[in-house]
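Beneath this line is the structure, given in structure tokens, with notes to follow.
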Amino acid sequence: MAPGWVPYLVAMRNTSPRGEAIDSIWVDRGTFATRRHVEVGTNSFKRPSFDGAHMTGTIKDSTGEHDVDKTLEHAAIDNSIVGLLANALPMKAGYSVTIGAYDIGGHYQYMTMRVLGAESLARGVSAVDAWKVSMDFTGPASWTVLRWVDVNTKRELQWTLKFGEREMIAVRQ
């Protein structure tokens, strides 16, 4: 990374039946393009760096350790951060946008975000007005994320991920 360059750092911890993984993603403040992505988990790690549309680094998975040196179709926006990017977009019923993104393996995909409308989301004994947002990912693998975002704060309140027959739900406190 260039001296004096100050990125956004997005860090996430994910727990699954395979173990825990820590994701650290450095993104350009002006374009949200990924500059570096480090994912460390049980028996795997991924450490690619990005210079525009050029990806280099090392990836270790169940098939072994591999050096990566490939040119992508476009400068990379990591699919792990499109939810953060989506919060900066207009929240208005009917709004729709498609964003090109890459997963950490360098596979290109598209994310189409649609604001489906506002609804009341139960929170204990009260309710919060939330935008219901659909995020459809298409590419080598496809999945849908439904997000509920607080109308006033734009804070994510809840999400549901549907991947084939599997479904994951997260509720933020």
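Points worth noting:
- The chain, relative contact order [Cα under 8 Å, separation at least 6], %: 10 percent
- Net +/- balance of residues flanking Ala122 in space, Cβ distance below 15 Å, scoring K and R +1, D and E -1: 0
- For the peptides 116-125, 9-18, 27-36, the ranking by packing is 27-36, 116-125, 9-18, with the highest mean count of neighbouring Cβ atoms within 10 Å listed first.
- Selection among Tyr95, His107, Val38 by position relative to the dipole of region 23-165 gives Tyr95 as farthest towards the positive end (Cβ unit charges, Cα centre).
- Under a Gaussian network description of the chain, with springs only between Cα atoms under 10 Å, the residue in Ser44, Ser96, Ser62 that fluctuates furthest is Ser62.
- Contour minus Cα-Cα distance for Ala170 and Thr153 (0.36 nm per residue): 4.3 nm
- Region 128-162: chymotrypsin sites (Phe, Trp or Tyr not before Pro) in DSSP coil with no more than 14 other Cβ atoms inside 10 Å: none
Every number here is computed from the coordinates shown, using simple stated rules; none is lab data. Small disclaimer: the values here were computed from a predicted structure and weren't measured. No Cβ is skipped: glycine too gets one built from the backbone with ideal geometry, and neighbour counts run over all protein chains shown.
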